[in-house]
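Right, one structure below, let's go through it.
The values are calculated or read from the model by the stated rules, or taken from the named source; none is laboratory data. Everything numeric here is computed off the predicted structure, so don't read it as measured data. We place every Cβ from the backbone using ideal geometry, glycine too, and count neighbours over all the protein chains shown.
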Amino acid sequence: MSTRTTSIRRARDGDVGGLSQVFDEAWREAYRGIIPGVALEQLIAQRDRAWWRGALRRGRPIALLDTGAAIVGYATYGRARGRGLGTEGEVDEIYLRPEYQGLGLGRRLFRAVRNDLADHGLARTGAWALEENDRATAFYEGLGGRAGPRVLDRVAGAPLAKVGYIFA
């Protein structure tokens, strides 16, 4: 698998199948054993092509990693959705297909998103991660994120602890 031709660009209507596939593969890998099995499958099933078409129309930016042959990752981001993080900007989601993780592509995507947020006056950025998701917490810490607020969230009815990471 070559990462040399991988580009970062805005998602468009023709990308909904690839976005759905990345979400499916990344969530199965990241949350198996954290989110109860049936609930995880239901959450994945909700993110079909129609859901992604709606997400594109809502106007919140979606940046994606494109190898030219396939979409291998994406990030959704924008103005902070709430006050819990204490930041202006927020990375809502960042996911890569499992076979593309650990190659530095997630770092590239995160930096591109942070640069876009800063260009729009949202320099102080935050991101949430489930506390049990060791890969996500290590990713944010490796990028220089400072652990901030901790909250208990309900994901498909299951109480799960989340930690916010702050990037100044």
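Report whether or not A55 is under 19 Å from K162 (Cβ atoms), in contact with a strand residue (DSSP E or B) (Cβ under 7 Å, 6 or more places away or on another chain) and assigned to a helix (DSSP H, G or I).
Working: under 19 Å from K162 (Cβ atoms): no; in contact with a strand residue (DSSP E or B) (Cβ under 7 Å, 6 or more places away or on another chain): yes; assigned to a helix (DSSP H, G or I): yes.
It is false that A55 is under 19 Å from K162 (Cβ atoms), in contact with a strand residue (DSSP E or B) (Cβ under 7 Å, 6 or more places away or on another chain) and assigned to a helix (DSSP H, G or I).
If you go through the range 49-58 one residue at a time, do you hit one that is surrounded by 14 or more Cβ atoms within 10 Å (Cβ to Cβ), in contact with a Phe, Trp or Tyr (Cβ under 9 Å, 6 or more places away or on another chain), aliphatic (A, V, I, L, M) and at negative phi?
no
Which one of these is at pLDDT 95 or above, surrounded by 11 or more Cβ atoms within 10 Å (Cβ to Cβ) and of a type outside the set (D, E): L43, L64?
Working: L43 fails: at pLDDT 95 or above.
Step by step, each of L43, L64 is checked, and only L64 is at pLDDT 95 or above, surrounded by 11 or more Cβ atoms within 10 Å (Cβ to Cβ) and of a type outside the set (D, E).
Under 7 Å between Cβ atoms, at least 6 apart or on separate chains: pull out the pairs that start in the range 137-154 with a residue that is in a loop (DSSP other than H, G, I, E, B) and end on any residue that is surrounded by 12 or more Cβ atoms within 10 Å (Cβ to Cβ) and of a type in the set (K, R).
Pairs that qualify, where the first residue is in a loop (DSSP other than H, G, I, E, B) and the partner is surrounded by 12 or more Cβ atoms within 10 Å (Cβ to Cβ) and of a type in the set (K, R), are L143/R107.
Residue under question is A75, and the condition is that it be within 21 Å of V163 (Cβ to Cβ), modelled with pLDDT of 95 or more and surrounded by fewer than 21 Cβ atoms within 10 Å (Cβ to Cβ); does it hold?
Answer is no for this residue.
Given L109, L117, L85, which one is assigned to a loop (DSSP other than H, G, I, E, B) and out of contact with any Lys or Arg (no Cβ under 6 Å at 6 or more places or on another chain)?
On the way: L109 fails: assigned to a loop (DSSP other than H, G, I, E, B); L117 fails: assigned to a loop (DSSP other than H, G, I, E, B).
Result: L85 is the single residue among L109, L117, L85 that is assigned to a loop (DSSP other than H, G, I, E, B) and out of contact with any Lys or Arg (no Cβ under 6 Å at 6 or more places or on another chain).
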